[in-house]
Amino acid sequence: MTDNILKPLNRRGFLAGAAAVIGTPTFAQTIDGIEMERDITASTRRNISSFRSMTWQPYFKSLRNGAILVDIDSRVLHYWSGDGRTYKLYPSSVPLSEDLTRRGRTSITRKVVGPSWSPTANMLRRNPDWPRYVPPGPDNPLGTHALYLGWKYYRIHGTHDARKIGRKSSNGCIGLYNEHISELFSFAKVGTQVLLI
């Protein structure tokens with residue numbers, strides 16, 4: 001009887017195995033056997049990031065002043081202009097936990113280019129080493145632009161840390177890439193209706 005001892009893979013062996021797996025077509029198992037996975041783009045309209053396009057009608061009575069829908073579960077922000085001609089979809093960061101998440105209707109009450117930031121008392125209790133104030137600039141957690149909402153302490157803003165986008169990573173706010181918040185900032189206005197679901 002021979003001893004079959006598994007040797008650890010070296011880098012070359014690992015890469016060769018990974019290449020073989022990556023080059024293999026994706027299959028979906030069915031009751032009758034194995035078949036190729038169907039193309040989802042034939043039945044669902046999606047953008048390059050795989051976010052689902054939506055229409056505003058199930059969520060808003062009108063597009064008066066434009067509309068923003070934030071889908072917390074999908075981690076995406078939808079924007080429709082007041083005339084309905086512009087529709088934008090942006091990946092976002094969302095609150096870390098359900099107790100930090102606010103859902104419901106509000107609106108944009110203020111727009112700020114180069115916002116400053118001060119953590120709330122609750123944030124400082126959870127993170128006592130955080131600074132008490134961060135001026136506008138490249139290290140500001142609110143990024144380059146901020147849309148203040150009707151709810152105290154809640155904003156849609158940019159972020160200096162792009163790793164947060166697409167994750168549960170905020171203390172309640174909705175974060176966008178700085179280039180996306182800059183674009184949204186140019187579209188949205190004070191009074192734009194906002195719904196978080």
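The values are calculated or read from the model by the stated rules, or taken from the named source; none is laboratory data. Note that the structure is a prediction, hence the values are computed from the model and not measured. With ideal geometry, Cβ positions are generated from the backbone for all residues, glycine too; neighbour counts draw on all protein chains shown. Ligands, DNA and RNA are stripped out before the accessible areas are found, and what is left, the full protein with its side chains, is counted by its heavy atoms. Shrake-Rupley method; radii C 1.70, N 1.55, O 1.52, S 1.80 Å.
Here are the numbers for the structure shown:
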read-out	value
Complete set of residues in region 133-174 that are in a strand (DSSP E or B) and of a type in the set (S, T, N, Q)	Thr159, Ser169, Ser170
All positions within region 156-166 that are open to solvent by 30 Å² or more (accessible area, probe 1.4 Å), under 25 Å from Leu124 (Cβ atoms) and in contact (Cβ under 8 Å) with a residue 40 or more places away in the chain	Lys164
Sole exception among (1) at pLDDT below 95; (2) touching a strand residue (DSSP E or B) at 6+ places or on another chain (Cβ under 7 Å); (3) among the basic types (Lys, Arg) for Arg105, by number	(1)
Qualifying residue in region 35-58 (condition: at pLDDT 95 or above and either in contact with a helix residue (DSSP H, G or I) (Cβ under 9 Å, 6 or more places away or on another chain) or of a type in the set (Ser, Thr, Tyr) (or both))	no
Matching residues in region 167-197 - criterion: being on the phi > 0 side of the Ramachandran plot and surrounded by fewer than 15 Cβ atoms within 10 Å (Cβ to Cβ)	Gly191
Of all residues making up region 64-102, the number that are assigned to a strand (DSSP E or B) and either in contact with a strand residue (DSSP E or B) (Cβ under 7 Å, 6 or more places away or on another chain) or over 18 Å from Ser170 (Cα atoms) (or both)	17
